[in-house]
Amino acid sequence: MKQLLKSTLRRFGYDLVPYVPVSKTTSALASVPDLSEAQQRIILAAKPFTMTSVERMATLINAVTYLSQNGIAGDIAECGVWRGGSMMTVALTLMALGDLSRSLYLFDTFEGMSSPTDDDRSLDGVSADLQLDRDPQGSGIWCYASLDEVRANILSTGYPEQKIHLLKGKVEDTIPRNMPSQLSLLRLDTDWYESTKHELIHLYPILTEKGILIIDDYGHWQGAKKAVDDYFAELDSNIYLHRIDYTGRILVKPSR
């Protein structure tokens with residue numbers, strides 16, 4: 001049967017070959033053809049450990065490269081890390097650049113999502129409470145990963161262990177008690193209004209001028225968007241949030 005099918009196809013100029021499945025990540029790399037092979041390898045290595053898009057990962061690589069190449073001082077912090085894929089992207093990029101001077105701060109409960117409030121709804125208006133209730137714990141929306149798992153993932157990059165700090169607990173409890181004195185990059189991915197606002201209040205002031213702020217869920221979770229909008233309105237700061245994809249946003253902290 002196979003030979004008959006092949007001979008029939010060849011009469012029309014076609015051939016029958018084995019199907020080799022292409023991973024979603026490999027396929028998605030087509031959206032960032034400007035990245036070097038080394039940068040694409042970083043994405044392939046870290047993508048299994050993050051739910052963020054390839055576009056957001058590429059932006060993170062470019063942001064870290066910008067900071068390192070321009071000598072912008074400061075450590076790097078992420079609030080809401082899930083399995084550590086975004087910080088793995090940071091670590092692998094820094095290593096590729098030969099920049100091992102920066103400490104990496106990973107803030108998370110390491111027990112899944114904290115409780116949302118009435119402000120926390122998805123883009124289509126569905127409450128976060130409802131979504132958490134109808135999804136089993138352990139599914140993606142709960143963002144559960146243990147501290148030991150995340151530590152193993154980030155250490156697998158080879159970044160110096162003494163430069164890696166995992167802070168367990170709600171950010172409202174761990175910040176500002178445990179935080180660096182200066183940041184060059186701040187990535188926020190805790191989704192909810194209360195946690196995002198708390199992070200901005202305490203961490204944005206220590207983000208150096210020309211440093212980078214990335215908000216992962218500005219477009220998807222209404223609470224995260226409201227927290228960012230409220231904070232900068234209260235600060236009376238004229239900022240420009242650049243759109244990475246439908247949900248991710250990035251800004252360069254302006255000089256005073």
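No value in this document is a laboratory result; all are computed from the given coordinates. Keep in mind it's a predicted model, so treat the numbers as computed, not measured. Every residue, glycine as well, gets a Cβ built from its backbone with ideal geometry; the counts of neighbours run over all protein chains shown.
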Dipole axis of the range 44-115 (+1 Lys, Arg; -1 Asp, Glu on Cβ), positive-most option in 81, 58, 110:
58
For the range 36-253, what proportion of DSSP beta bridges, expressed in % and rounded to the nearest 5, is antiparallel?
30
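Ranked from highest to lowest mean number of other Cβ atoms within 10 Å per residue, what is the order of the peptides 74-87, 55-68?
74-87, 55-68
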Shape parameters for the range 144-256, alpha-carbon atoms, Rg then Dmax in Å:
14.7, 42
Let's see if you can work this out: charge +1 on each Lys and Arg Cβ, -1 on each Asp and Glu Cβ, no other charges. What is the dipole magnitude of the range 36-253 about its Cα centre, in debye to the nearest 20?
760
Peptides 210-218, 92-100 ordered by average Cβ neighbours within 10 Å, highest first
210-218, 92-100
With all distinct Cα pairs included, what does the Kirkwood hydrodynamic radius of the range 36-253 come out to in Å, to one decimal, could you say?
17.2
